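What follows is a set of notes on a single structure, which appears directly below.
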């Protein structure tokens, strides 16, 4: 099966940089995705890494290392509105439909 | 485009009652799925479909049925509600070929309480 582990909570100061880690165990997957979810809202897509390395999208960057079974989401210039839960996810080879499996999520709290 | 829509937004049921959660998407996505979200457990896949007439089970299918008669609609039916089914339910869709097949679009969710 699949297993994706994330820290349950992270707190950071407004304007700072924070890294949210994701370590995974899966026999094969297409890439690592990240989703953001505000309280009471729906998950929304943030970033995707098909290949090893860093992908940058504005203030957000995501990194993947398949050899280390590890990825992270980097948020720069933190804003109060970045307070949310962040989920890593993999689309696995293991099922016929390549379903998307999610980690348990990291709740980020940005403080003034 | 409305994206993925879900109804109702909130629902309270009594144990043993049945109901259907509605989901529709207007992006012509082949793949649709249902997740439930419980505190500390992330999103768990209930059922999914790769096209009209094709459905299959996810991680936690017990107590739920689905059907896919059209590309647009993917309703989730609770057969006999139990308190353990109290959760937030999300419907999602994505493409299965071409670009952005890892971008999954979620509906706003249905918050279900079973008493």
Q. Can you give the average number of partner chain beta-carbon atoms within 10 Å of each beta-carbon in peptide B:36-48, as a whole number?
A. 4
Q | Kirkwood Rh in Å, taken over the protein assembly as shown so that all alpha-carbon pairs contribute | A | 18.0
Q) Per residue of B:103-112, how many C-beta atoms from partner chains lie within 10 Å of its own C-beta, taken as a mean? A) 4
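If you take all C-alpha pairs in chain B, what percent of them are over 24 Å apart? All intermediate terms of the calculation are to be shown ahead of the outcome.
Values: 1237 of 6555 pairs.
For chain B, the fraction of Cα-Cα distances above 24 Å is 19 percent.
Below 8 Å between Cα atoms, with a sequence gap of 6+, how large is the relative contact order for chain A in percent? Please report the intermediate quantities before stating the final value.
Values: 281 pairs, mean separation 41.0, N = 112.
About 37 percent, as a whole number.
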Q.
Going by Cα centres, the range B:28-48 and the range A:1-56 are how many Å apart?
A. 17
Q. Taking a temperature of 4 °C and a viscosity of 1.567 mPa s, what whole-number D in µm²/s does Stokes-Einstein yield for the range B:18-69 with Rh from Kirkwood over alpha carbon pairs?
A. 109
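Given an 8 Å cut-off on Cα distances and at least 6 residues of separation, report the relative contact order of chain B as a percent. Kindly include the intermediate steps, with their values, before the conclusion.
Working: 301 pairs, mean separation 40.1, N = 115.
Averaging sequence separation for qualifying contacts and normalising by length gives 35 percent for chain B.
What's the Cα-based Rg to Rh of the range B:1-45, Rh via Kirkwood? Mind dumping the intermediate values first?
Working: Rg = 13.2 Å, Rh = 12.9 Å.
Value, to two decimals: 1.02.
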Q | 10 Å Cβ neighbours from other chains, averaged over peptide A:40-49 | A | 5
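Convex hull over the alpha-carbon atoms of the range A:38-112: what's its volume per residue in Å³? Walk me through the numbers on the way to the answer.
Details: hull volume 8.6 nm³, N = 75.
So the per-residue hull volume is 115 Å³.
Coordinate-derived values only; no laboratory data. Values in this document were obtained by computation on a predicted structure and should not be read as measured data. Don't worry about glycine lacking a Cβ; one is built from the backbone with ideal geometry, like all the others, and counts go over all protein chains shown.
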